[in-house]
Every structure is written in C-alpha cells, then in structure tokens.
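Sharing a structure, written as structure tokens. Questions coming.
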Amino acid sequence: MAIATAGVRKHLTDINEWQRLGEANIFPPNSRLELIEGEILEMAPIGFNHSGHINRLVKLLTRLIPSDVIPSVQNPLQLGDLSEPEPDFMLLKPNDDFYSSRHPNASDVLLLIEVADSSLMFDQNQKLRLYALHNVPEYWLLNLKDSCVEVYRQPHGECYGEKTTLRVGDTVTLSQLSQITINIADIL
C-alpha cells in the first residue's frame, strides 16, 4: 500500500520563531538542534574523538590569538533570518560585550571550524554552502575520517574559490590573522 503524500507540507521556521521556541523550553534539555535554512535539524551526539579535537583547538588557538579576539566554542552564529548553526569553534572580531547582547553573524567571524566524523558529508555540503552564501571568510573542516584539514577561503555564491587539503607535516596561516601559523600536526 502506498503512503499518500499529497498535501504534505514542510513547516519552515525563522530565527524569531526559533528563538521563541527555545525561550519557551519546547525542546528537551541537552538536545543538539540547529536551525539550517529554516529547518530544525537534530545533530548527532558528540563523541570522544570529536570533543578531544575541539579541546585541542581551544587550547592551541586561545594561546596564539591576540587578546582582543574572542574564541567561541559551540555557540550560535546567526546567518540571515533562517539559519543559526552552532559551529564547533570560531574566532570572532572584538566586541565590547563579548556578544552578550546578540549572537555573532558572518561579518564577525575571523575563522570558523567544524570537526567532522559522522557529520562529514553534511559539513562538506550543506554547511559549506551555508557558510559560503553568508561570506564566512575562512572555513576549516577537520576531517577526522581522512585525517586532514580542508581549508576553504574566498567565498562567492554557494562555494569557496579556494580549497586546500592539509595533512600532518603541513602548516597553515590564518587569512584574517596573518600573524598566526599553525602546524596541522598540532590540531589533528
């Protein structure tokens, strides 16, 4: 027997409704949800390897950045009216109130990093497209499956003009903070 799908509609939401739902405690505590292009998506739980790599990034980058740059770990990033992902790690431009009166947006981002194991395909496709569309200047994908770092720069449209794949033995200099060079071995 075929299931009838005629008349089925997807309900998309925007940032305002999303934030009201959160304030009303509609979602279960500790749920891992993100608003991506109007859809509420449930993200996979964070495993040991994933969280260990985030800890490594935090320790290394917070030591290297200028004192006015703000590190942000798994916090919301508002991208237009329909998306509010929670990237694993970001370096943000200075802000007097440390973004306590608003969520940062793409123009505040100096570097955005996603750590990917089970979410690899999603991060290489939907997240990459989302970050490029909103002009996030530099997106790193720590690809734990292939033991590499995919560095994306020069956003235009739905993609990035530059992609570099780096492995242990390589180094990378941040495009927005050119005084910082990192050994890939230190983050993989």
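Keeping to the stretch 112-163, report how many residues are within 21 Å of ILE65 (Cβ to Cβ) and not in a loop (DSSP other than H, G, I, E, B).
The total comes to 14.
Hey, any hits in the stretch 119-128 for a residue that's under 27 Å from ARG20 (Cβ atoms), touching a Phe, Trp or Tyr at 6+ places or on another chain (Cβ under 6 Å) and hydrophobic (A, V, I, L, M, F, W, C)?
No, that holds for no residue.
OK, next. When only residues in the stretch 145-165 that are in contact with a helix residue (DSSP H, G or I) (Cβ under 6 Å, 6 or more places away or on another chain) and either surrounded by fewer than 18 Cβ atoms within 10 Å (Cβ to Cβ) or free of Cβ contacts under 8 Å to residues at least 12 places away in the same chain (or both) count, which is nearest to HIS53 (Cα to Cα)?
LYS145
Ok, one more. Which of the residues spanning the stretch 38-57 are exposed (fewer than 15 other Cβ atoms within 10 Å of the Cβ) and over 17 Å from ARG20 (Cα atoms)? Show your work before the answer.
Just the residues of the stretch 38-57 that are exposed (fewer than 15 other Cβ atoms within 10 Å of the Cβ), to begin with: 39, 41-42, 44-45, 47-49, 51-52, 55.
Of everything in the stretch 38-57, those that are exposed (fewer than 15 other Cβ atoms within 10 Å of the Cβ) and over 17 Å from ARG20 (Cα atoms) turn out to be GLU42, ALA44, PRO45, GLY47, PHE48, ASN49, SER51, GLY52, ASN55.
Can you tell me which of (1) among the hydrophobic types (A, V, I, L, M, F, W, C); (2) surrounded by fewer than 19 Cβ atoms within 10 Å (Cβ to Cβ); (3) within 18 Å of THR62 (Cβ to Cβ) is the one TRP140 doesn't meet?
So TRP140 meets the others, but not (2).
Answer with yes or no whether ASN135 is surrounded by fewer than 21 Cβ atoms within 10 Å (Cβ to Cβ), in contact with a helix residue (DSSP H, G or I) (Cβ under 6 Å, 6 or more places away or on another chain) and of a type outside the set (Lys, Arg).
In short, yes.
Within the stretch 85-111, take every residue that is small (Gly, Ala, Ser) and in a helix (DSSP H, G or I) and give me the one that is surrounded by the most Cβ atoms within 10 Å (Cβ to Cβ).
In this case the residue turns out to be ALA106.
Looking at (1) at pLDDT 95 or above; (2) over 11 Å from the mean Cα position of the chain (by Cα); (3) over 19 Å from GLU39 (Cβ atoms), which is the only condition ASP117 fails?
Going through (1) at pLDDT 95 or above; (2) over 11 Å from the mean Cα position of the chain (by Cα); (3) over 19 Å from GLU39 (Cβ atoms) one by one, ASP117 breaks only (1).
Here is a check on your reading of the model: is ALA185 more than 11 Å from the chain's Cα centre (by Cα), in a helix (DSSP H, G or I), surrounded by 18 or more Cβ atoms within 10 Å (Cβ to Cβ) and of a type outside the set (Lys, Arg)?
Spelling it out, it is not the case that ALA185 is more than 11 Å from the chain's Cα centre (by Cα), in a helix (DSSP H, G or I), surrounded by 18 or more Cβ atoms within 10 Å (Cβ to Cβ) and of a type outside the set (Lys, Arg).
Also, I was wondering about something else. If only one of LEU79, LEU92, LEU110 is out of contact with any Cys (no Cβ under 6 Å at 6 or more places or on another chain) and at pLDDT below 95, which one is it?
Values: LEU92 fails: at pLDDT below 95; LEU110 fails: at pLDDT below 95.
On inspection, the qualifying residue turns out to be LEU79.
The values are calculated or read from the model by the stated rules, or taken from the named source; none is laboratory data. Treat the numbers as computed from the prediction; the structure is a model and nothing was measured. We place every Cβ from the backbone using ideal geometry, glycine too, and count neighbours over all the protein chains shown.
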